[in-house]
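> Encoded as structure tokens, here's the structure I'll be asking about.
Derivation of every value follows stated rules applied to the coordinates shown; laboratory data play no part. Everything quoted here is computed from the prediction, not taken from an experiment. We place every Cβ from the backbone using ideal geometry, glycine too, and count neighbours over all the protein chains shown.
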Amino acid sequence: IELKKFGAQTHYIWSDNNLNIGADYFGTGQNLIFKVNGNNERLRITSTGRMGLGTNDPAALLEVRDSENTTQGVAQIRISKGVGNGAAPTSASRANSYLHLGGSEYNPSAGFYSIGFGYTNDEVGSGIPAYIGFKETTAAGYTKGDLVFGTRGNTTATSNPSERMRILSSGGLTFNGDTAQANALDDY
């Protein structure tokens, strides 16, 4: 292990021309940083427990960013089960899911598992513009529930989206919470 000091704030526990692993004492936080290819930072774990891949200022528990500028890049996250012919699953199951939200947690008052979409003004405010989610309708035994879709009708930073469409676990479909429509569409 080679100890080096670069500037007044960064101490590296390993450093050579291509790899730097160290502690950054910049400002009030203490961060663990990984730099490769000279001095290009690739990973940072902040003193608050946030991890940034491609960013030195993560705004969430895990933030993945392919660039610190306005140019678009390749996909930021790729989840794959294998390569080649036959690698893709042929059925839907917990083991075959590429991404699974929720584990052994549930809420007796109907839990909600969602993916949020849209611009949130650099994480300011508590609302999100749109979501797709799973809403538990029962927590008895194994949960069951509905697939729900929501959008926000205004630009207030604190407003959350309203449910616009729901696919019921029974196969019915509702719009804007109107269950009468579900019964009419069940016949199709």
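> Going by average Cβ neighbours within 10 Å, how do the peptides 106-115, 127-136, 70-79 rank, with the highest at the top?
On the way: 106-115: 13.5, 127-136: 17.6, 70-79: 7.8.
Answer by packing, highest mean first, reads 127-136, 106-115, 70-79.
> Another question, then. Choose one of Thr138, Thr120, Leu99: the residue whose Cα lies farthest towards the positive end of the charge dipole of segment 96-160 (beta-carbon charges +1 Lys, Arg; -1 Asp, Glu; about the Cα centre).
Ranked along the dipole, the leading option is Thr138.
> Moving to a separate point now. Please compute the modelled spin-label separation between Thr71 and Asn107, points set 7 Å along Cα→Cβ, answer in nm with one decimal.
4.3
> If you consider only alpha-carbon coordinates, what radius of gyration and Dmax does segment 122-177 have, in Å?
Reported Rg and Dmax, both Å: 13.4, 40.
> Let me ask something else about it. What is the distance, in nm, between label points placed 7 Å from the Cα along the Cα-to-Cβ direction at Ile167 and at Ser80?
2.7
> Let me see the P(r) profile for segment 41-90: every Cα-Cα distance counted, bins of 5 Å, each bin given as a percent of all pairs.
Over segment 41-90, the share of Cα pairs per 5 Å bin runs 5, 18, 20, 17, 12, 10, 11, 6, 1 percent.
> For the residue pair Asp178 and Val64, what label-to-label distance in nm results when each label sits 7 Å from Cα along the Cα-to-beta-carbon direction?
Those two pseudo-labels are separated by 4.0 nm.
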